[in-house]
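Asks: Following this message is one structure expressed as structure tokens.
Since every read-out is calculated from the coordinates, none of them should be taken as a lab result. Keep in mind the model is a prediction, meaning the values are calculated, not measured. With ideal geometry, Cβ positions are generated from the backbone for all residues, glycine too; neighbour counts draw on all protein chains shown.
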Amino acid sequence: SQFYAEENLKDTRYWAKFRNSLESIKYYSVNKKMEAQEIFREIAQINSIPLKLLEREVENERILKEFGLSKASFRAILEKIKIKGKKDKIFLTELIKDFMVPLPVYRIKRSSLPTLRDYVENKEIKDFLSNIFLVDYKYDHNLGVLYESNES
């Protein structure tokens, strides 16, 4: 997928943070397996979007202005977006990241997760959305993901 392609991430805060983190662990060594597991525990996670957030209003004024759109739900904005160049892809990436939450890999079965592509009809960005996973967990704006399925 293009979403995590280096060229789409180069000018983002995420990329700068990633590069800084990579540099800081370049010469790091551990002596015990348990110590390594503790240090790298957070790496074993998948960024995903709770289904409930698809209907949440987009609040990022900068992104709305960039695409010439007014406030609407995340899904409605995704349906209206037109990608004209690299800058638009960067803003689309930033918009999506605003709705992503990290989940531990052991909490989800990646092979059974739907993708954002399955919920958006906008053909112009469908391929871009194919590796953005959705989870059907309850979500609270203050608490984050509540590890119970919405089905319960």
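Asks: Describe numerically, in nm with one decimal, the distance between label points set 7 Å from Cα along Cα→Cβ at GLU94 and at LYS138.
Replies: According to this spin-label approximation, the distance is 3.4 nm.
Asks: Once you have the Cα-Cα distance between PHE18 and ALA76, take 0.36 nm times their residue separation minus that, and quote the gain in nm to one decimal.
Replies: On the way: separation 58, 0.36 × 58 = 20.88 nm, distance 3.03 nm.
Going from the current span to full extension adds 17.8 nm.
Asks: Of LYS10/LYS97; LYS17/LYS97; LYS86/LYS138; LYS52/LYS82; LYS52/LYS84, which ones are farther than 22 Å apart at the Cα? Walk me through the numbers before you get to the answer.
Replies: Details: LYS10/LYS97 15 Å; LYS17/LYS97 14 Å; LYS86/LYS138 34 Å; LYS52/LYS82 24 Å; LYS52/LYS84 29 Å.
From LYS10/LYS97; LYS17/LYS97; LYS86/LYS138; LYS52/LYS82; LYS52/LYS84, over 22 Å: LYS86/LYS138; LYS52/LYS82; LYS52/LYS84.
Asks: Apply the Karplus parameterisation 6.51 cos²θ - 1.76 cosθ + 1.60, with θ equal to phi minus 60°, to every residue of the stretch 91-98 and state each ³J(HN,Hα) to the nearest whole Hz, in sequence, with x for glycine and proline.
Replies: Coupling constants for the stretch 91-98: 5, 5, 4, 5, 4, 4, 4, 4 Hz.
Asks: Based on the alpha-carbon set only, what is the convex hull volume of the stretch 46-152 divided per residue, in Å³? Intermediate results must be reported in sequence, preceding the final value.
Replies: Details: hull volume 11.0 nm³, N = 107.
With only Cα atoms used, the stretch 46-152 gives 103 Å³ per residue.
Asks: Run the numbers for ASN60 and GLU121: contour at 0.36 nm per residue of separation, minus the present Cα-Cα distance, in nm. Provide the component values of the computation, followed by the final result.
Replies: Working: separation 61, 0.36 × 61 = 21.96 nm, distance 2.21 nm.
This chain segment gains 19.8 nm when fully extended.
Asks: In addition: Amide H to amide H under 5 Å from SER48: which residues, 5+ apart in sequence or cross-chain, H placed 1.01 Å off N in plane?
Replies: VAL101, LEU103
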